[in-house]
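**Q** Next up is a structure, given as structure tokens.
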Amino acid sequence: MHDMSKVQKKYKLVIFDWDGTLMDSEMRIVASIQAAAAHCGLPVLSHHESKQIIGLSLDKAILGLYPSASGEQVEQMSAAYSQHFLEESLVEMVPFSGAESLLFSLRQQGVKLAVATGKSRRGLDQVLSQCGFGGYFDITRTPHESASKPDPLMLQQILMHLNIAVSDAVMVGDTSFDLQMAQSINMDAIALGHGVHELDVLAAFNPVVQCDDLHQLHAWLMARL
């Protein structure tokens with residue numbers, strides 16, 4: 001863990017990214033991207049290339065990987081991805097170690113919790129129901145009712161809904177999209193090292209702390225509530 005914070009702040013709201021932050025879903029996402037590309041006759045990219053866009057809305061992610069794709073191809077691949085990820089994939093997805101105890105402890109401390117994710121609303125609702133985490137969160141936001149990362153609209157909507165100042169909130173994420181989103185509205189951000197983007201990439205966005213996993217994050221946050 002690398003703590004960059006100079007002042008010990010007290011947070012009232014913790015906003016989590018989902019994939020790569022709370023949920024270990026990288027393998028399933030990449031497999032679904034690759035299956036969708038094959039289905040649509042697009043080049044199947046490597047695991048490393050494919051995972052770089054995790055965190056973006058699906059349309060933005062597809063265009064990030066296939067910049068010359070037509071609108072029709074994006075639509076086809078989006079449908080194929082959703083079908084594979086939600087209904088066909090056999091690749092297991094589980095929360096990262098320590099996820100539920102972290103959320104439980106934060107709730108016990110009276111902290112507000114939110115999710116800001118690039119997942120579809122359907123995909124987020126399904127996984128929250130499956131893992132039983134839905135009750136921990138005061139509000140969740142997806143691109144379907146907001147804008148894709150790194151646009152900060154999701155964060156602004158969450159702050160407005162909960163009537164909490166940006167200085168009382170922190171964003172937790174594993175990608176540059178998460179940290180860039182927070183940085184653009186001067187919200188503190190925490191970089192998690194167990195997800196998609198490397199910590200040296202995330203360091204460029206001046207996170208208040210870098211944590212290797214949710215257990216380190218748990219310990220760090222408990223002192224700042």
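The values are calculated or read from the model by the stated rules, or taken from the named source; none is laboratory data. Just so you know, these numbers come straight off a predicted model, no measurement behind them. Note that each Cβ is placed from the backbone with ideal geometry, even for glycine, and that neighbours are counted across all protein chains shown.
**Q** Does Val115 qualify as being buried (at least 18 other Cβ atoms within 10 Å of the Cβ), in contact with a helix residue (DSSP H, G or I) (Cβ under 9 Å, 6 or more places away or on another chain) and of a type in the set (A, V, I, L, M, F, W, C)?
**A** Details: buried (at least 18 other Cβ atoms within 10 Å of the Cβ): yes; in contact with a helix residue (DSSP H, G or I) (Cβ under 9 Å, 6 or more places away or on another chain): yes; of a type in the set (A, V, I, L, M, F, W, C): yes.
For Val115, the condition - buried (at least 18 other Cβ atoms within 10 Å of the Cβ), in contact with a helix residue (DSSP H, G or I) (Cβ under 9 Å, 6 or more places away or on another chain) and of a type in the set (A, V, I, L, M, F, W, C) - is met.
**Q** Same structure, new question: If you go through the range 47-59 one residue at a time, how many are surrounded by 18 or more Cβ atoms within 10 Å (Cβ to Cβ) and free of Cβ contacts under 8 Å to residues at least 40 places away in the same chain?
**A** 2
**Q** Output the number of the condition that Leu106 fails; it satisfies all remaining conditions of (1) at pLDDT 95 or above; (2) over 29 Å from His215 (Cβ atoms).
**A** Here Leu106 clears every test but (2).
Here is a yes/no grid of residues against (1) assigned by TED's automatic domain parsing to the domain that holds Tyr136; (2) in contact with a strand residue (DSSP E or B) (Cβ under 7 Å, 6 or more places away or on another chain); (3) free of Cβ contacts under 8 Å to residues at least 12 places away in the same chain:
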| residue | (1), (2), (3) |
| --- | --- |
| Val14 | yes, yes, no |
| Thr21 | yes, yes, no |
| Gly41 | no, no, yes |
| Leu45 | no, no, no |
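**Q** Related question: Within the range 166-174, identify whether any single residue is touching a Ser or Thr at 6+ places or on another chain (Cβ under 8 Å), in a loop (DSSP other than H, G, I, E, B), on the phi < 0 side of the Ramachandran plot and buried (at least 18 other Cβ atoms within 10 Å of the Cβ), and answer yes or no.
**A** Going through the range 166-174, the residues touching a Ser or Thr at 6+ places or on another chain (Cβ under 8 Å) turn out to be 172-174.
Subsequent filtering for residues that are in a loop (DSSP other than H, G, I, E, B) retains 174.
Checking the rest, the ones that are also on the phi < 0 side of the Ramachandran plot come to 174.
Pick out the ones that are also buried (at least 18 other Cβ atoms within 10 Å of the Cβ) and you get 174.
Yes: one or more hits.
**Q** Could you check the range 175-225 and list, in sequence order, the residues that are surrounded by fewer than 22 Cβ atoms within 10 Å (Cβ to Cβ), polar (S, T, N, Q), touching a residue at least 60 places away in the same chain (Cβ under 8 Å) and over 17 Å from Ser105 (Cα atoms)?
**A** Asn206, Gln210
**Q** So how many residues does the range 155-165 have that are free of Cβ contacts under 8 Å to residues at least 40 places away in the same chain and part of a loop (DSSP other than H, G, I, E, B)? Can you show your working first?
**A** Step one: filter the range 155-165 for residues free of Cβ contacts under 8 Å to residues at least 40 places away in the same chain, giving 156-157, 160-161, 163, 165.
So of that shortlist, the ones also part of a loop (DSSP other than H, G, I, E, B) come out as 163, 165.
Here the count works out to 2.
**Q** Report, ordered by the first and then the second residue, all pairs with beta carbons closer than 9 Å, sequence separation of six or more or different chains, a first member in the range 111-125 that is free of Cβ contacts under 8 Å to residues at least 12 places away in the same chain, and a second member that is of a type outside the set (Ser, Thr, Tyr) and surrounded by fewer than 24 Cβ atoms within 10 Å (Cβ to Cβ).
**A** Cβ pairs passing all conditions: Asp125/Gly134.
**Q** Out of the residues in the range 124-139 meeting the condition of being outside any loop (DSSP other than H, G, I, E, B) and out of contact with any helix residue (DSSP H, G or I) (no Cβ under 6 Å at 6 or more places or on another chain), tell me which one is nearest to Ser78 (Cα to Cα). Steps first, please.
**A** Keep residues of the range 124-139 that are outside any loop (DSSP other than H, G, I, E, B), which gives 124-131, 134-136, 139.
From the residues that got through so far, the ones that are out of contact with any helix residue (DSSP H, G or I) (no Cβ under 6 Å at 6 or more places or on another chain) too are 124-127, 129-131, 135.
On the way: Leu124: 16, Asp125: 18, Gln126: 17, Val127: 18, Ser129: 22, Gln130: 22, Cys131: 24, Gly135: 29 Å.
Top of the filtered list is Leu124.
**Q** Being out of contact with any Phe, Trp or Tyr (no Cβ under 9 Å at 6 or more places or on another chain) and surrounded by fewer than 23 Cβ atoms within 10 Å (Cβ to Cβ) is the filter here; which residues of the range 19-38 pass it?
**A** The answer is Glu26, Met27, Val30, Gln34, Ala38.
**Q** For His47, work out the one condition from (1) under 18 Å from the mean Cα position of the chain (by Cα); (2) under 18 Å from Thr175 (Cβ atoms) it doesn't fulfil.
**A** (1)
**Q** If you don't mind, another one. For Val166, state whether it is at pLDDT 95 or above, within 24 Å of Phe96 (Cα to Cα) and aliphatic (A, V, I, L, M). It would help to see each step written out before you state the result.
**A** On the way: at pLDDT 95 or above: yes; within 24 Å of Phe96 (Cα to Cα): no; aliphatic (A, V, I, L, M): yes.
Taking the combined requirement at face value, the residue does not satisfy it.
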